[in-house]
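Written out below as structure tokens is the structure these notes cover.
The values are calculated or read from the model by the stated rules, or taken from the named source; none is laboratory data. Here the structure is a predicted model, which is why all the values come from computation and not from measurement. Heads up, the Cβs are rebuilt from the backbone with ideal geometry, glycines too, and the neighbour counts pull from every protein chain shown.
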Amino acid sequence: MRLLVLLALSACAASKPSPAPGTGGTAQAPPPPAEPVTLDRDYPRLAERATQLYRDVAGVFASAGNNCPAATEKLGELQRAYADVVAANAKVLRDGRARELRAALVPHEQELDASAKAIVESPTMESCSQDIAFNDAFDNLVGAPP
């Protein structure tokens, strides 16, 4: 009989979770780690990074002036630095989620407009628009998705 009681008590004790050290209560499993939100789904972060991308392109054009090879090289560097933004923008457009991204860009409209104006009106754009390597680099960075 004593053996049956001991077995029953050990079965009950084995079915209860042990208290976590220092908690005084029952141990709870930690929540599973949250899946990181990809850039194409994190519209505010994507909008911020896209705004910075256009700001940086305007800066490249301001410093390159009429030097098409230098502008092309700098655009290639930006392509590598902003590959995540380029890929996320392309995915958003392919998935038909442009409206969501446009909404996230609203707070950045003035800065984006100023950067776009600086890019379009730059001596670089005027001088280099017929340069194939420059156009390829520019389109790879800010052009339409593949």
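Looking at (1) of a type in the set (A, V, I, L, M); (2) touching an Asp or Glu at 6+ places or on another chain (Cβ under 7 Å); (3) over 14 Å from Phe61 (Cα atoms), which is the one condition that is false for Leu78?
Of everything listed in (1) of a type in the set (A, V, I, L, M); (2) touching an Asp or Glu at 6+ places or on another chain (Cβ under 7 Å); (3) over 14 Å from Phe61 (Cα atoms), Leu78 misses just condition (3).
Cβ-Cβ distance below 6 Å, separation of 6 or more or different chains: which pairs start in the range 97-112 with a residue that is in contact (Cβ under 8 Å) with a residue 60 or more places away in the chain and end on one that is loosely packed, with under 13 Cβ neighbours inside 10 Å?
Ala104/Pro44
So which residues in the range 102-141 are of a type in the set (Val, Ile, Thr) and within 17 Å of Tyr82 (Cβ to Cβ), if there are any at all? Lay out the reasoning, then the answer.
Here is the first cut: in the range 102-141, the residues of a type in the set (Val, Ile, Thr) are 106, 119-120, 124, 132.
Ile119, the sole residue that qualifies.
Against the condition over 12 Å from Leu141 (Cβ atoms), in a helix (DSSP H, G or I), out of contact with any Ser or Thr (no Cβ under 8 Å at 6 or more places or on another chain) and at pLDDT below 70, how does Leu9 come out, does it pass? It would help to see each step written out before you state the result.
Values: over 12 Å from Leu141 (Cβ atoms): yes; in a helix (DSSP H, G or I): yes; out of contact with any Ser or Thr (no Cβ under 8 Å at 6 or more places or on another chain): yes; at pLDDT below 70: yes.
The answer is yes for Leu9.
Name the single residue that is farthest from Ala103 (Cα to Cα) among those in the range 29-76 being touching a residue at least 60 places away in the same chain (Cβ under 8 Å) and β-branched (Val, Ile, Thr).
Taking the candidates together, the pick is Thr72.
Ser18: in a helix (DSSP H, G or I), on the phi < 0 side of the Ramachandran plot, among the polar types (S, T, N, Q) and modelled with pLDDT under 70, yes or no?
Details: in a helix (DSSP H, G or I): no; on the phi < 0 side of the Ramachandran plot: yes; among the polar types (S, T, N, Q): yes; modelled with pLDDT under 70: yes.
Answer is no for this residue.
Check whether at least one residue in the range 34-41 is among the basic types (Lys, Arg) and modelled with pLDDT under 55, and report yes or no.
no
If I go through the range 38-47 residue by residue, how many of them are under 12 Å from Ala88 (Cα atoms) and assigned to a helix (DSSP H, G or I)?
Residues meeting the conditions: 4.
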